[in-house]
Amino acid sequence: MKDLFEEIFLTIRANKQRTFLTGFSIAWGIFMLIILLGAGNGLQNGMMQGFNYMSKNSMSIHPGVTSMPYKGLQKGRRLQLKQNDADFLKTHLKNIAEFSAVYQKWSISLIRGKDVVSTSMSGVEPGYEVMRNLIISSGRFVNNTDNRESRKVIVIHSKTAGVLFPNENSIGQYVQINQVPFQIVGIYEEEGGGGNRQPEVYIPLNTAYTIFNPDKNVSNISFTVTGVNNSEESEIYTKEVRQLLAQRLQFDPEDTNALWIHDNLSSYMQAQTIFNGIALFVWIIGIGTLIAGIVGVSNIMLITVKERTHEFGIRKALGATPRSILRLVVVESLTITTMFGYIGLLLGIGLTEGVASILAKTGQAATDKPEIFVNPTVDLGVVLAATAILILAGAIAGYIPAKRAVNVKPIEALQHK
């Protein structure tokens with residue numbers, strides 16, 4: 001085997017320029033495949049961060065305006081959800097995991113001494129942090145006791161805490177909303193940062209009713225569902241929710257404007273379908289580029305076989321078996337393909353990892369900016385697949401010329417110059 005590789009490298013060294021140009025096409029093909037896949041992953045990761053706002057199996061219901069008449073009631077009615085509507089849904093819906101009615105106040109001033117932060121506030125029930133994928137970095141979220149006793153407690157974002165309590169521990173401290181003091185019991189983070197907006201604050205739902213909303217109007221109802229695994233099942237479940245509320249609130253079940261139901265699972269799966277299509281397109285383009293390199297390797301091996309026909313004739317005359325000649329040509333093809341392919345593979349991985357590192361540092365330095373391109377790297381499975389493609393490509397590129405070399409008769413080969 002050592003003699004075989006020595007002979008192969010002597011042949012490669014004798015044809016440096018031709019081997020380099022052919023090998024470059026292989027390296028470029030695998031390099032572009034890795035770059036395209038990394039770019040596709042980066043775009044997908046960035047876009048999918050938008051779905052981290054809520055759990056992927058979550059739904060939220062928002063009241064709207066009727067666009068159809070119903071049982072003598074004219075269109076154009078603005079619906080209003082109330083706490084008893086939320087209680088009704090919680091009782092009648094199946095497969096509910098987490099559930100919370102939500103009351104939102106879009107513009108409030110959070111005050112601590114002379115410092116003021118303008119933000120929004122949500123009154124929520126325990127478990128809402130699970131639906132919203134909130135990361136409690138310090139303290140806790142609102143609990144059942146807070147809600148039952150209408151305690152004046154609040155959970156704020158670390159960004160807000162940094163403004164109101166620089167270099168201080170904010171847990172246990174007090175802030176004011178409409179001159180009402182609230183004790184901070186928790187600090188939270190959000191995946192991907194809070195974007196350009198000021199992150200909202202959370203208080204117990206019953207506290208929000210007592211201080212801000214005695215009519216117990218509900219801004220939206222959010223919940224997570226178990227046992228719904230695809231967009232078709234999710235669509236069926238959404239229709240059941242709409243029909244339940246249509247009977248209660250008196251609107252046409254077909255009137256989608258009356259009630260807006262955001263189905264995060266269905267939206268997530270639709271986005272996944274789009275990105276799967278993009279990934280397929282990227283693979284087609286990348287493999288097409290790689291095939292061009294494979295054709296180049298095959299061509300150079302055909303030229304090599306033609307130039308070495310006389311040599312192969314002598315080998316056969318001296319007793320060389322067809323298998324040994326076949327192995328020589330195929331291994332030479334595999335060597336060129338694998339060597340240059342791994343150069344392209346390493347360069348591609350190095351570039352994507354470098355870009356990912358730069359983006360990560362940039363993102364950490366500016367967490368208030370939304371990220372649309374995140375971690376543009378390829379996983380181990382793709383690297384292994386690329387390796388398999390390289391080996392297969394090298395074998396295919398060498399086999400046809402090798403077969404031609406094996407089929408040359410010794411007498412004809414000896415006469416060839």
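Quick note: the coordinates plus some simple rules give every number you see, no bench work behind them. From a predicted model like this one, the values you see are computed outputs, not experimental measurements. All Cβ positions, even for glycine, are placed from backbone atoms using ideal geometry, and neighbour counts span all protein chains on display.
When the Cα centres of the stretch 77-147 and the stretch 196-270 are compared, how far apart do they sit, in Å?
About 13 Å separates the Cα centre of the stretch 77-147 from the one of the stretch 196-270.
Rounded to the nearest 0.05, what FRET efficiency is calculated for L43 and K82 with R0 set to 30 Å and r the Cβ-Cβ distance?
Calculated value: 0.10.
Between E168 and L318, how many nm apart are label points set 7 Å from Cα along the C-beta direction?
Between E168 and L318, the label points sit 9.0 nm apart.
In what sequence, highest mean first, do 233-239, 344-350 appear when ranked by Cβ atoms within 10 angstrom? Each step should come with its number before you reach the end.
On the way: 233-239: 16.0, 344-350: 18.7.
Put in order of decreasing packing, that is 344-350, 233-239.
Ranked from highest to lowest mean number of other Cβ atoms within 10 Å per residue, what is the order of the peptides 391-400, 143-152?
Numbers: 391-400: 19.6, 143-152: 15.6.
For the peptides 391-400, 143-152, the packing ranking is 391-400, 143-152.
So what is the relative contact order for the stretch 164-289, in percent, with contacts set as C-alpha pairs under 8 Å and at least six apart?
Values: 41 pairs, mean separation 16.5, N = 126.
Answer for the stretch 164-289 is 13 percent.
Can you tell me the length gained on complete extension of the stretch I284 to Q176, counting 0.36 nm per residue apart and subtracting the Cα distance?
33.0 nm
Would you kindly state how much longer the chain becomes between Y399 and A97 on full extension, computed as 0.36 nm times their sequence separation minus their alpha carbon distance, in nm to one decimal? Each step should come with its number before you reach the end.
Working: separation 302, 0.36 × 302 = 108.72 nm, distance 5.88 nm.
Full extension from Y399 to A97 adds 102.8 nm.
Semi-axes of the equivalent ellipsoid for the stretch 58-264, please: Cα gyration tensor eigenvalues, times 5, square-rooted, ordered largest first, whole Å. Each step should come with its number before you reach the end.
Details: eigenvalues 226, 69, 45 Å².
Each semi-axis is the square root of five times an eigenvalue, giving 34, 19, 15 Å.
Using 1/(1 + (r/R0)^6) with R0 = 35 angstrom and r between the beta carbons of I303 and L384, what's the FRET efficiency to the nearest 0.05? Mind dumping the intermediate values first?
Working: r = 32 Å, r/R0 = 0.91.
That gives a FRET efficiency of 0.65.
Set the Förster radius R0 to 41 Å, insert the Cβ-Cβ distance between I291 and N133 as r into 1/(1 + (r/R0)^6), and round the FRET efficiency to 0.05.
On the way: r = 42 Å, r/R0 = 1.04.
Efficiency at R0 = 41 Å is approximately 0.45.
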